[in-house]
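Undergrad: Starting off with a structure, shown below.
Values in this text are rule-based calculations from the coordinates and carry no lab data. These figures come from a predicted structure and were not determined experimentally. Ideal geometry is used to build each Cβ from the backbone, glycine not excepted, and the neighbour counts take in all protein chains shown.
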Amino acid sequence: MRFDIKGGRRLSGEIKVAGNKNSILPIMAACLLTGQPCILENVPKISDVSVLADLLEKCGAKVKGIGSSKLTIDCKNIKSATFPSTLTEKLRASVLLLGPMLARAGSIKMGYPGGDVIGRRPLTTHIQALTSLGATIKEDDDFFQAKTQHLKGTEVFLQEASVTATENVLMAASLIDDQTVIKRAASEPHVVDLCNFLAKLGVEIRGIGSDVLKIRGKKQLSGATHTIRPDHLEVGTFAICAAITKGTVRISPIIKEDLDMILLVLGKFGVNFKIEDGTLIVADSKLKAVEKVVVDIWPGFPTDLMAPMIVLATQAEGATILHDWMYESRMFFVDKLLSMGAKVVIADPHRVLVYGPTNLRGQKLDTPDIRAGIALVIAALAAKGKSSIERAELIERGYEDVVQRLTNLGAEIKKLE
């Protein structure tokens with residue numbers, strides 16, 4: 001798949017924020033915990049949802065509504081299964097099957113999770129945490145296998161504040177009729193969303209939104225209807241699109257508390273915005289460099305917005321250092337920005353120095369991962385001339401109908417299969 005983009009158009013209008021990609025995947029996995037049907041609404045129409053649905057069906061789940069904004073998931077008849085690497089390598093979030101399958105079926109065998117090539121994301125924290133709950137985990141070259149006779153409530157201190165490890169422990173603890181405490185838990189909006197869904201199933205959770213979670217599960221959980229939280233990363237992405245094209249864009253719906261750090265950094269860059277009635281309005285921005293932008297664990301600046309932020313820095317007056325210590329390959333896409341005329345110095349695998357503003361020019365590009373892919377789309381929107389972005393299917397793994405939504409704002413963008 002290829003995106004062809006003719007840059008230089010000022011974006012204007014209204015854009016609807018999709019459901020959170022990082023919420024829907026763990027919540028779909030959490031449906032494995034109950035034998036009663038669950039209905040999920042505001043589901044983003046992205047390919048990652050289809051892959052996870054295929055994985056759920058491997059162990060007996062029935063998933064209806066794929067490709068729509070509403071899913072019905074029935075996990076009444078769940079059995080232990082082997083999840084093939086042909087599916088798990090497509091999706092890093094396949095690791096989220098570990099917790100619920102251990103809790104519900106007592107075992108799981110799966111190929112190693114894949115996903116974006118932005119650096120090593122080892123499973124050591126997952127293994128450490130689930131082992132402390134009573135799981136036995138074996139690894140070989142092709143598969144890893146987890147089993148348990150009986151999961152037990154305990155105190156788990158995570159060796160890193162991993163989002164997916166926090167989510168796996170949350171789900172595993174949901175069917176333990178005892179208290180589990182997670183210390184150094186991740187607290188991102190999508191973790192909060194999962195906690196709220198589990199609470200609807202009947203799990204008692206204290207400390208939601210903090211780094212200490214206290215979970216008291218039940219042997220049987222109910223079904224629930226749940227609306228997926230709007231994606232704060234999309235809000236930040238579209239705000240950057242508006243600022244970099246000098247446009248006026250209304251972005252909704254938003255949850256203000258999910259955006260505090262993102263808006264703080266955008267404001268420092270000179271992005272002009274206001275919030276009215278649950279809508280973020282970006283207009284008349286005059287961009288200026290920021291001394292440094294550093295990703296951090298929540299509520300710090302999110303790593304998934306670093307690539308778009310680098311593109312924003314190419315159009316800001318002055319020099320900006322951007323530092324992502326989490327992933328050693330996050331910065332490597334900047335060679336594509338260099339081919340477009342950006343002035344970027346790669347200090348090391350984790351840091352770049354960006355000088356702006358520069359006149360970007362259209363270029364033939366290749367998508368390395370979801371977030372770098374959308375960053376290249378933003379760069380192409382700001383560039384003079386035509387850009388072609390290959391492997392655009394990777395972008396659609398994380399952004400719903402991005403071509404049509406940008407077209408509605410006045411972008412000149414086409415998708416070619």
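Undergrad: Inverting the mean 1/r over all pairs of different Cα atoms, compute the Kirkwood radius of region 1-96 and quote it in Å.
TA: 14.9 Å
Undergrad: Which distance in Å, rounded to a whole number, links the C-alpha centroids of region 39-89 and region 220-276?
TA: Cα centroid of region 39-89 versus Cα centroid of region 220-276: 27 Å apart.
Undergrad: Which whole-number percent is the relative contact order of the chain (Cα, under 8 Å, 6+ apart)?
TA: 21 percent
Undergrad: Distance in nm between label sites at ASP177 and ARG391, each 7 Å beyond Cα in the beta-carbon direction?
TA: Modelled inter-label distance: 5.0 nm.
Undergrad: Could you work out which residue, out of ILE346, ILE78, ILE374, moves most in a Gaussian network model of the chain, that is, has the largest mean-square fluctuation with Cα springs under 10 Å?
TA: So, out of ILE346, ILE78, ILE374, the one fluctuating most is ILE346.
Undergrad: What are the principal axis extents of the Cα atoms in region 21-227, in Å, biggest first?
TA: 39, 39, 32
Undergrad: Please express the Cα-Cα pair-distance distribution P(r) of region 60-111 as a list of whole percents, one per 5 Å bin, running from 0 to the bin with the greatest distance.
TA: Values per bin, smallest distances first: 5, 18, 22, 27, 22, 7, 0.
Undergrad: Between TYR112 and THR407, what is 0.36 nm times their sequence separation minus the Cα-Cα distance? Round to one decimal in nm.
TA: Difference between extended and current length: 102.5 nm.
Undergrad: Moving to a separate point now. Where does helix 163-173 land angle-wise versus the long Cα axis of the chain, in degrees 0 to 90, nearest 10?
TA: 20 degrees
Undergrad: Follow-up question, since we're still on this one. Roughly how many debye, to the nearest 20, is the charge dipole of region 155-200 about its Cα centre, given +1 on each Lys and Arg Cβ, -1 on each Asp and Glu Cβ, and no other charges?
TA: With only Lys, Arg, Asp and Glu charged at Cβ, the dipole is about 60 debye.
Undergrad: In straight Cα distance, which lysines are under 23 Å from LYS70, not counting same-chain residues fewer than 8 positions off?
TA: Counting by Cα, and skipping residues close in sequence, LYS70 has these lysines nearby: LYS16, LYS21, LYS45, LYS58, LYS62, LYS90, LYS200.
Undergrad: So which aspartates and glutamates can LYS384 reach, going by Cα to Cα under 17 Å and dropping same-chain residues fewer than 8 places off?
TA: ASP4, GLU412
Undergrad: Just to confirm the number: angle between the C-alpha axis of helix 21-30 and the first principal axis of the chain, 0 to 90 degrees, nearest 10?
TA: The two axes meet at around 10 degrees.
Undergrad: Could you name the lysines in cross-link range of LYS292, using Cα to Cα under 17 Å and dropping any fewer than eight places away on the same chain?
TA: LYS292 reaches LYS268, LYS343.
Undergrad: Where in region 54-85 is the amide nitrogen less than 20 Å from a point lying 7 Å along the Cα-to-Cβ axis of GLN145?
TA: Those under the cut-off are 58-60, 79-85.
Undergrad: Could you give the spread of the C-alpha atoms of region 19-75 along their three principal axes, from largest to smallest, in whole angstroms?
TA: That works out to 25, 18, 18 Å along the principal axes.
Undergrad: Based on the inverse mean of 1/r over its pairs of different Cα atoms, what is the Kirkwood hydrodynamic radius of region 126-234, in Å?
TA: Hydrodynamic radius (Kirkwood, Cα pairs) of region 126-234 is 14.4 Å.
Undergrad: How far is helix 47-58 tilted, in degrees, relative to the longest principal axis of the Cα atoms in the chain, given as a value from 0 to 90 rounded to the nearest 10?
TA: Orientation of helix 47-58: about 10 degrees from the principal axis.
Undergrad: Can you pull out the trypsin sites (Lys or Arg not before Pro) in region 208-246 whose DSSP state is coil and whose Cβ has at most 14 other Cβ atoms within 10 Å?
TA: LYS219
Undergrad: Would you mind ranking THR148, THR367 so that the residue whose beta carbon has the fewest other beta carbons within 10 Å leads the list?
TA: THR148, THR367
Undergrad: Evaluate 2.2 N^0.38 Å with N set to the residue count of region 90-171, then give the Cα radius of gyration divided by it.
TA: 1.03
Undergrad: Rounded to two decimals, what ratio of Rg to Rh does the chain give with C-alpha atoms and a Kirkwood Rh?
TA: On the Cα set of the chain, Rg over Rh gives 0.98.
Undergrad: Can you tell me the mean projection area, over all orientations, of the convex hull of region 228-347's alpha carbons? Units nm², please.
TA: 7.4 nm²
Undergrad: With a ≥ b ≥ c taken as the square roots of the eigenvalues of the C-alpha gyration tensor of region 316-395, please select rounded if a/c is under 1.5 and otherwise prolate if a/b is larger than b/c or oblate if it is not?
TA: oblate
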